[in-house]
Amino acid sequence: MRDLDSLQDMPGQLRTEAVVLRSMRYGEADRILHVYTLHRGRLSAIAKGVRRARSRFGGRLEPFFRLQLELHEGRGELLTVTGAHTVDAYARLRGDARALDGASRACDAVGRLFETSEPHPAVFHLLCRQLALLDERAGATGAAGAWAEALSFRLKLLLAAGLAPQLGACASCGSREHLVGFSGSAGGVVCSACEAGSFALAEEAHGFMADALGRALAETPEASDPALRQVERAISVTLEYHAHVRLAPAVAA
């Protein structure tokens, strides 16, 4: 029996699980899809005729669908969708504005941080888990909880990208005492002797980051708004300095 999650046997054919990150209209009836796949990282593909009323794809090529995709790989970078089967539609999150916005920001973060065709199975599964949590908790998560969960997800993306901040000791001198600031250039927390160029980091924010990185995604710790604001800043300066990427805020203002 063939493994439907594996790269396929015929030249030019690819079958893999994927999450639709973005879908754009193209021409009169087609769509261009940006997808994040289990085996090939981020890919772009064209779905021909998908906007016609009788398209065999139905509505499953919309953002945030988890699919089993069949693709034809030609000479160009743009693949062609030849088949699509729903693994999970995450239908509940589509009825909740906060969950829908969270899904959009999660997909945008993955697409921008992991923009090549290099496979990162852990990132694919992390994204699927985040979408599943948003789907499960649609309508039940308040603004503060949504913010904490989104930041926890981004911290785990930093870890997957090899950019997790140094939190156990000063990122400049190695001291484990008087950790009072965060430095993007140093790559983590800094002590009072090395705080030049850093911003103040409260103990609560420091603890949130350490706990979030050490816990499962579904077990996001709680924190106050001021602490979460510092965490978001720490993530932002890390990404800007080390990955030259600037993401939109983790949640809508």
Would you mention how many residues in the range 125-148 are at pLDDT 95 or above and either of a type in the set (S, T, Y) or out of contact with any Lys or Arg (no Cβ under 8 Å at 6 or more places or on another chain) (or both)?
9
List pairs: first residue in the range 62-82 and within 14 Å of Y36 (Cβ to Cβ), second residue of a type in the set (F, W, Y) and surrounded by 15 or more Cβ atoms within 10 Å (Cβ to Cβ) anywhere in the structure, Cβ distance under 9 angstrom, at least six positions apart or on different chains.
F64/Y90; F65/Y90; R66/Y90
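Listed here are the residues, each with its yes/no results for (1) in contact (Cβ under 8 Å) with a residue 24 or more places away in the chain; (2) of a type in the set (D, E).
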| position | (1), (2) |
| --- | --- |
| Q166 | no, no |
| A169 | no, no |
| S172 | no, no |
| R176 | no, no |
| G181 | no, no |
| L201 | yes, no |
| F208 | yes, no |
| G214 | no, no |
| E219 | no, yes |
How many residues are surrounded by fewer than 21 Cβ atoms within 10 Å (Cβ to Cβ) and closer than 17 Å to V87 by Cβ if we restrict to the range 102-122?
1
Of the numbered conditions (1) farther than 23 Å from L133 by Cα; (2) within 21 Å of the chain's Cα centre (by Cα), A164 satisfies every one except a single condition; which is it?
(1)
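Report, by residue number, each residue of the range 167-201 that is of a type in the set (A, V, I, L, M), within 26 Å of the chain's Cα centre (by Cα) and either part of a strand (DSSP E or B) or under 17 Å from L228 (Cα atoms) (or both).
Those that are of a type in the set (A, V, I, L, M), within 26 Å of the chain's Cα centre (by Cα) and either part of a strand (DSSP E or B) or under 17 Å from L228 (Cα atoms) (or both): L167, V189, L201.
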Criterion (at pLDDT below 95 and either under 19 Å from L155 (Cα atoms) or in the same structural domain as I235 (by TED's automatic domain parsing) (or both)) met by exactly one of G197, G214, G181, G188
G197
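Specify the residue that is nearest to the chain's Cα centre (by Cα); the eligible residues are those in the range 87-143 that are part of a helix (DSSP H, G or I) and of a type in the set (V, I, T).
V110
Could you identify the single residue in A18, A84 that is at pLDDT below 95, buried (at least 21 other Cβ atoms within 10 Å of the Cβ) and under 20 Å from L131 (Cα atoms)? Walk me through how you get there before you give the answer.
Values: A18 fails: at pLDDT below 95.
Unique residue meeting the criteria: A84.
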Which condition does V190 not pass, out of (1) surrounded by fewer than 23 Cβ atoms within 10 Å (Cβ to Cβ); (2) touching a Phe, Trp or Tyr at 6+ places or on another chain (Cβ under 8 Å); (3) free of Cβ contacts under 8 Å to residues at least 24 places away in the same chain, if it passes all the others?
(1)
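The values are calculated or read from the model by the stated rules, or taken from the named source; none is laboratory data. Being a predicted model, the structure only gives us computed values, none of them experimental. Every residue, glycine as well, gets a Cβ built from its backbone with ideal geometry; the counts of neighbours run over all protein chains shown.
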